1. Restricting attention to strands (runs of 3 or more DSSP E) lying wholly within the stretch 259-337, give those where 1 or more residues are at pLDDT 95 or above and in contact with a strand residue (DSSP E or B) (Cβ under 9 Å, 6 or more places away or on another chain).
2. Looking at the stretch 207-224, which of its residues are part of a strand (DSSP E or B) and over 20 Å from the mean Cα position of the chain (by Cα)?
3. Just checking, which of 237, 182 is crowded, with 22+ Cβ neighbours inside 10 Å, modelled with pLDDT of 90 or more and more than 19 Å from the chain's Cα centre (by Cα)?
4. For residues that are among the aliphatic types (A, V, I, L, M) and assigned to a strand (DSSP E or B), scanning just the stretch 362-385, find the one that is surrounded by the fewest Cβ atoms within 10 Å (Cβ to Cβ).
5. Can you tell me which residue within the stretch 51-84, out of those that are in a loop (DSSP other than H, G, I, E, B) and in contact with a helix residue (DSSP H, G or I) (Cβ under 8 Å, 6 or more places away or on another chain), is modelled with the highest pLDDT?
6. Would you confirm whether any residue within the stretch 199-206 is of a type in the set (Phe, Trp, Tyr), touching a residue at least 12 places away in the same chain (Cβ under 8 Å) and in a helix (DSSP H, G or I)?
7. For residue 380, state whether it is within 12 Å of the ligand (Cβ to nearest atom) and either among the polar types (S, T, N, Q) or closer than 13 Å to residue 323 by Cβ (or both).
8. Please state which of the following conditions residue 269 fails to meet, knowing it meets all the rest: (1) over 15 Å from the mean Cα position of the chain (by Cα); (2) surrounded by 20 or more Cβ atoms within 10 Å (Cβ to Cβ); (3) within 30 Å of residue 287 (Cβ to Cβ).
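The values are calculated or read from the model by the stated rules, or taken from the named source; none is laboratory data. Remember, it's a predicted structure, so these values are computed and weren't measured experimentally. Note that each Cβ is placed from the backbone with ideal geometry, even for glycine, and that neighbours are counted across all protein chains shown.
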Amino acid sequence: MRSKFRIKLPLKLLVVSTAVVLLGFSASNWQAAVKAADSTLKSERLHYELTLPKATTSLQNAIQASITPTEDSAWETVVIKSGDTLASIFSNIGLSASTTHAIATLNEHTRSLRYIKPGQKIHVLLGEDSNLRQMKYEADITKTLLIKRTEDQSFDTQVINSQLDAFPVYREGVIESSLFEAAAHSSIPENVIMDLASIFGWDIDFSLDIRKGDRFGIVYNELYKDDVKIRDGRILAAEFINNGKIYRAVYYIDPKGNGDYYDESGKSMRKAFLRSPVEFSRITSRFSKKRWHPLLSKWRSHKGVDYGARRGTPVRASGDGKILHAGNKGGYGRTVIIQHGGRYRTVYGHLNGYARGVRSGKKVKQGQIVGYVGSSGLATGPHLHYEFRVNGVHRNPLTVRLPEAKPVHESYLTNFREKTGVYLSMLHLMETTVATNTN
Ligand SMILES: [Zn+2]
């Protein structure tokens, strides 16, 4: 998944706070808001946006209280400038070199103080003896290092991951010429629309299948700290209507903490295999019963697909599995073979080299790089030779029916419906509104 944002604090808290926000906002309010927004923007009725109310003040205060020490007034704040070091900052405050040394060499957390950057903040609290009692180092917007003097005159450290407040927003668009143009028109950030394309990328080919009039709706998080928007978060639910066919996806984190996208019934949006193990490639030879082999100068069947790509282009495992073979294999040259469960096996030939750590017996994840495109073995130029075998029989990787990735576990289905219903209902509301307007 392409969302770079990783939530550092308990996901549970995030989910809880999101739920608080959403549950506090009834469906009828939603409907009213949708209608109101719609009537004011009639000419552009598919481009309104809705922002949900912010978290309750008490919740925000509770979060704030957990990260703010009580003696706020006595703290001194230093904004780090270019060229500053911990030593120079401490010296300016009047702290001794031995204090600097004690802090800097304390543990792995305080070692980060060697890499302070301009713009970051250090807060210090001095005692009546002018010695350091506490300090806080704000490494980034979500991470603060707290250092406290202990009774035995040593120091204790604590890393505080303060959480960003997530507020779901709903946006939608209609495609006139391209997905990106539609997204820009609806003020949907590029990374969010990239995520949308990757969520539905298993079902919709975004370079070939898109039609004028296709519509989409997205519920995604905007992440705030102290009422300032920091960045966009994950897509929580999305809908894409392609050529009249509706696709829906919702994000679900199961009780074990694994998050993924599913359709409304809990089926995975992913397939167990990628259709192509190389991005940005072109197919140079298809699966066939008979073809002329240029190097062997004879007719042979071609039991795979060749992807022409530049030497060094990453080759990805098309599914989760275990490496069966990583080494030379006759005319295939440098080859990786992956076993996926009992039935499936994939072969990647003519590699230039292997990715680090790739050797037989190792487990690999779908999308993990296993090697790089090359021309080892019998190959006229750099390309990947890719084979897909089902129960030992070669199948055409371009047309074989790919098995689906695992659905939500049966025992989690109630939990799945409870957690995702609110986001899915936001999408259904869009559908209702659109239907009403066309009447
Ligand atoms: Zn081939």
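1. Working: elements: 259-262, 282-285, 288-293, 298-302, 305-308, 314-316, 321-328.
Ranges flagged: 259-262, 314-316, 321-328.
2. First, the residues of the stretch 207-224 that are part of a strand (DSSP E or B): 215-224.
Within the stretch 207-224, just 215 meets the criteria.
3. Values: 237 fails: more than 19 Å from the chain's Cα centre (by Cα).
The unique qualifying residue is 182.
4. Let us first name the residues in the stretch 362-385 that are among the aliphatic types (A, V, I, L, M), namely 364, 369-370, 373, 378-379, 384.
With the extra rule that they be assigned to a strand (DSSP E or B), the set shrinks to 364, 369-370, 373, 384.
On the way: 364: 22, 369: 15, 370: 24, 373: 24, 384: 27.
Here the answer is 369.
5. So the first thing to find is which residues in the stretch 51-84 are in a loop (DSSP other than H, G, I, E, B), and the list is 52-56, 68-71, 75, 80-84.
Subset that is in contact with a helix residue (DSSP H, G or I) (Cβ under 8 Å, 6 or more places away or on another chain): 52-56, 80.
On the way: 52: 41, 53: 39, 54: 44, 55: 42, 56: 42, 80: 94.
It comes out as 80.
6. If we filter the stretch 199-206 for residues that are of a type in the set (Phe, Trp, Tyr), which is where we start, we get 200, 202, 206.
If we keep only those that are touching a residue at least 12 places away in the same chain (Cβ under 8 Å) as well, we get 200, 202, 206.
Filter once more, so that each one left must be in a helix (DSSP H, G or I): 200.
Yes: the stretch 199-206 contains one or more residues that are of a type in the set (Phe, Trp, Tyr), touching a residue at least 12 places away in the same chain (Cβ under 8 Å) and in a helix (DSSP H, G or I).
7. For residue 380, the condition - within 12 Å of the ligand (Cβ to nearest atom) and either among the polar types (S, T, N, Q) or closer than 13 Å to residue 323 by Cβ (or both) - is met.
8. Here residue 269 meets the rest and fails (1).
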